[in-house]
């Protein structure tokens, strides 16, 4: 492996150096996009990394550029910079801020574009020293994601210590005469004993373990570089690390990993006004391939980063005063979040258990005859194989087919897919697994070195998607599916390596481009790593349970994963693992998912599918209403997705984006903002109640004249089954489409614009062909709405050249005031105009 040549003593000698002696700094040395400063055996490059971010690299050879990583997108151009050389300080100055390091002390600063210091570290890293002695302070030997493999506990704390920080834990070890190794448990991985710190000696080695940080006198794992970033304020908050079920939306640590229903990203945004992303040259952690060797922990005073790798590790630092800025900056570094095709903004009907071709046709026909809007259906295993591959040996089976159709569900695949598309207006997406089942293909893959030895599902049959030749071969096996009418992929169980989902999507993306370079890409994936959003994909929250608790947890998932850069988050509406849904639970869940990035249902093969017409008339009618609302909001959601691509403003976001100083909004995970104006507070409990927190502003109940003045709570009981509590901020402009059964029917009638009086407002409606990548080169039509509350006038201008048959040509508007509703006349929307109420 890449680290095998490093012995433990050599690692300690190179990386864990005493701070007492500092080498004299060399003269200013420029790199391609920054400056390089040498500290003993290490070099620091301070460089411009994107139009809004910096890169800090620490390496054992003089660096000139960042580590190659799937997370980082290649930059076509970078902003200009001015080298800083003032006394002992060297760095780079740009239009968006500056970073600089003291060449004597290794102190580090980052400043914003106004010159205010937002990071002020007395020493950037313990690696930056001129001497090469063995470091005796165990605090400077901390390694994330590892535990002691054995050892003897210190007599000073035989049962461990409780309520420690990482700093106090390692300091306790320094103070104990019989301790030369510490283990600290992160808050995300508590120990049943209640202890979170253990002091040891005679430790024989270290084993990978998520949620642990350890260090001291023991054979070392791969080289690790630390970064120390002190907090600039008394109680900063950290967002964007990802998370799992029930996790809070603020974080104090993250150890990067992927798993079913959970991921953590090597990233955060701090309310101190910056974002940070850690990058290692290693694709995964030794002995723990689902993890990535980059982690951080906030101990109450400092953020302590630890990034493993050799010969260089990178820390991307981005001045970001607001949560909006943070995502814009993150996507500058990792790639802008491309738009999925327009049909993905509708409803996707999935299940495990499509019995046969007759059953498929009947279910899809039921959607159409019952007027339940939908755009696509999704199948589990049964679309390509009669039996799942879970029981196959590592050698596979000679009869298993990986890249054909199951002749029970798709006896005439080309004809069926054409019929579903042309006559029923359903697109189709099929599940994919990251492995092979056919024994002949497995022999071929093994001979080419394409398999990984995995303890994960599929064992030794899993493919190593990091290999370019494999990716090419893989997408070539799928070209016939694309020609025959399969529209998109649903990628499952890809947590075989930290970046498997990324490389897997890269193969599929390249395959689609080879078949049709103009067509938009779309997949649904069970986990996420930063950088994946640039493909235009969605991430779902995994195999969640069937319960009200699980439904409520989807709000926190949405907020956490979105803040980590996952642009379109979805879930198994109705849950996956558990008993059949009740009509009440499934209906409430429909009204939650109508306001998520992607709306889809899924269920096991033993449960009743989560289709609305199977749960009785009352529930079915309510779920139809949820679907109709989803489709009416499509012009708004689609336009907001364009805004996310261009400016980094997420469509669906936590309340703290718009109300960062409101202490309730900073942590609330039972409601969210859908765009700039719409607050969603669905019923999340079995007792049919809802409690919405309205921050300081005037709020209307959606589609009514009822107003509330915040900050206040609106508590509702006995909420009707077909109702979801929605609130619109004064000045809000909501563009709504007509009720349609699938997105190809757009425009379907006039655009209806809701305006909520009390303040001025604005909204940019964006239309395009909904299917190609032409929007990336400007093929759009933009309608710039503005509302003047003083004159009660809605006006709009037009820009862009797109003029397809799917654009809105007429507009009508409704003005909601506390006194009543005013309706504007139907107006030509093909040119700039005004509606005076």
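Which one of these is under 27 Å from residue 292 (Cα atoms), touching a residue at least 40 places away in the same chain (Cβ under 8 Å) and buried (at least 20 other Cβ atoms within 10 Å of the Cβ): 494, 437? First the steps, then the outcome.
On the way: 437 fails: under 27 Å from residue 292 (Cα atoms).
The match here is 494.
Determine which single condition residue 183 fails, assuming it passes every other condition in (1) modelled with pLDDT of 95 or more; (2) part of a loop (DSSP other than H, G, I, E, B); (3) within 23 Å of residue 257 (Cα to Cα).
Exception for residue 183: condition (2).
Give the number of residues within the stretch 187-210 that are touching a residue at least 60 places away in the same chain (Cβ under 8 Å) and either outside the structural domain of residue 295 (by TED's automatic domain parsing) or closer than 22 Å to residue 158 by Cβ (or both). Lay out the reasoning, then the answer.
Of all residues in the stretch 187-210, those touching a residue at least 60 places away in the same chain (Cβ under 8 Å) come to 187-188, 206-210.
Narrowing further to those that are either outside the structural domain of residue 295 (by TED's automatic domain parsing) or closer than 22 Å to residue 158 by Cβ (or both): 206-207, 209.
Looking only at that region, the number is 3.
Could you name every one of the strands (runs of 3 or more DSSP E) located completely within the stretch 275-369 that has at least 3 residues being surrounded by 23 or more Cβ atoms within 10 Å (Cβ to Cβ) and under 21 Å from the mean Cα position of the chain (by Cα)?
Numbers: elements: 291-298, 302-308, 312-319, 347-351.
Here the list reads 291-298, 312-319.
Where the second residue is modelled with pLDDT of 95 or more and outside any helix (DSSP H, G or I) and the first is over 30 Å from residue 242 (Cα atoms) and lies in the stretch 508-526, which pairs have Cβ atoms under 6 Å and are six or more apart or on separate chains?
Cβ pairs passing all conditions: 518/772; 518/773.
Being more than 26 Å from the chain's Cα centre (by Cα) and either in a loop (DSSP other than H, G, I, E, B) or without any contact (Cβ under 8 Å) to a residue 24 or more places away in the chain (or both) narrows it down to one residue among 93, 140, 100; which is it?
Values: 140 fails: either in a loop (DSSP other than H, G, I, E, B) or without any contact (Cβ under 8 Å) to a residue 24 or more places away in the chain (or both); 100 fails: either in a loop (DSSP other than H, G, I, E, B) or without any contact (Cβ under 8 Å) to a residue 24 or more places away in the chain (or both).
That would be 93, the only listed residue that is more than 26 Å from the chain's Cα centre (by Cα) and either in a loop (DSSP other than H, G, I, E, B) or without any contact (Cβ under 8 Å) to a residue 24 or more places away in the chain (or both).
Just to be sure I understand, how many residues within the stretch 187-201 are surrounded by fewer than 21 Cβ atoms within 10 Å (Cβ to Cβ), within 23 Å of residue 220 (Cβ to Cβ) and at pLDDT 95 or above?
Step one: of the stretch 187-201, the residues surrounded by fewer than 21 Cβ atoms within 10 Å (Cβ to Cβ) are 187-195, 201.
Restricting the remaining residues to those that are within 23 Å of residue 220 (Cβ to Cβ) gives 189, 201.
If we keep only those that are at pLDDT 95 or above as well, we get 201.
The number of residues fulfilling the criteria is 1.
The rows are residues; the columns are (1) touching a residue at least 60 places away in the same chain (Cβ under 8 Å); (2) within 30 Å of residue 620 (Cα to Cα); (3) surrounded by fewer than 19 Cβ atoms within 10 Å (Cβ to Cβ); (4) not assigned by TED's automatic domain parsing to the domain that holds residue 804.
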| position | (1), (2), (3), (4) |
| --- | --- |
| 705 | yes, yes, yes, no |
| 708 | no, no, yes, no |
| 711 | no, no, yes, no |
| 717 | no, yes, yes, no |
| 739 | yes, yes, yes, no |
| 755 | yes, no, no, no |
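I'd like to check which strands (runs of 3 or more DSSP E) are fully inside the stretch 780-821 and have at least 2 residues that are surrounded by 14 or more Cβ atoms within 10 Å (Cβ to Cβ) and free of Cβ contacts under 8 Å to residues at least 40 places away in the same chain. Before you say what the answer is, go through the steps one by one.
On the way: elements: 781-788, 793-800, 810-817.
The strands (runs of 3 or more DSSP E) meeting that bar are 781-788, 793-800.
Let me spell it out: the conditions are (1) part of a loop (DSSP other than H, G, I, E, B); (2) in contact with a helix residue (DSSP H, G or I) (Cβ under 7 Å, 6 or more places away or on another chain); (3) buried (at least 21 other Cβ atoms within 10 Å of the Cβ), and residue 221 meets all of them except one. Which number is the exception?
(2)
Consider the stretch 587-613. How many of its residues are touching a residue at least 40 places away in the same chain (Cβ under 8 Å), more than 14 Å from residue 628 (Cα to Cα) and assigned to a loop (DSSP other than H, G, I, E, B)?
12
(1) in contact with a strand residue (DSSP E or B) (Cβ under 7 Å, 6 or more places away or on another chain); (2) over 22 Å from residue 319 (Cβ atoms); (3) modelled with pLDDT of 95 or more: which one isn't true of residue 53, the others all being true?
(2)
For residue 539, which of the numbered conditions (1) out of contact with any strand residue (DSSP E or B) (no Cβ under 6 Å at 6 or more places or on another chain); (2) buried (at least 24 other Cβ atoms within 10 Å of the Cβ); (3) not in a loop (DSSP other than H, G, I, E, B) fails to hold?
(1)
State whether the residues of the stretch 202-216 include one that is modelled with pLDDT of 95 or more, within 19 Å of residue 144 (Cα to Cα), in contact with a strand residue (DSSP E or B) (Cβ under 9 Å, 6 or more places away or on another chain) and surrounded by 24 or more Cβ atoms within 10 Å (Cβ to Cβ).
No, the conditions are met nowhere in the stretch 202-216.
The values are calculated or read from the model by the stated rules, or taken from the named source; none is laboratory data. What you see is a predicted model; the values in this text were computed from it and never measured. In this analysis, Cβ positions are derived from the backbone assuming ideal geometry, glycine residues included, and neighbour counts consider all displayed protein chains.
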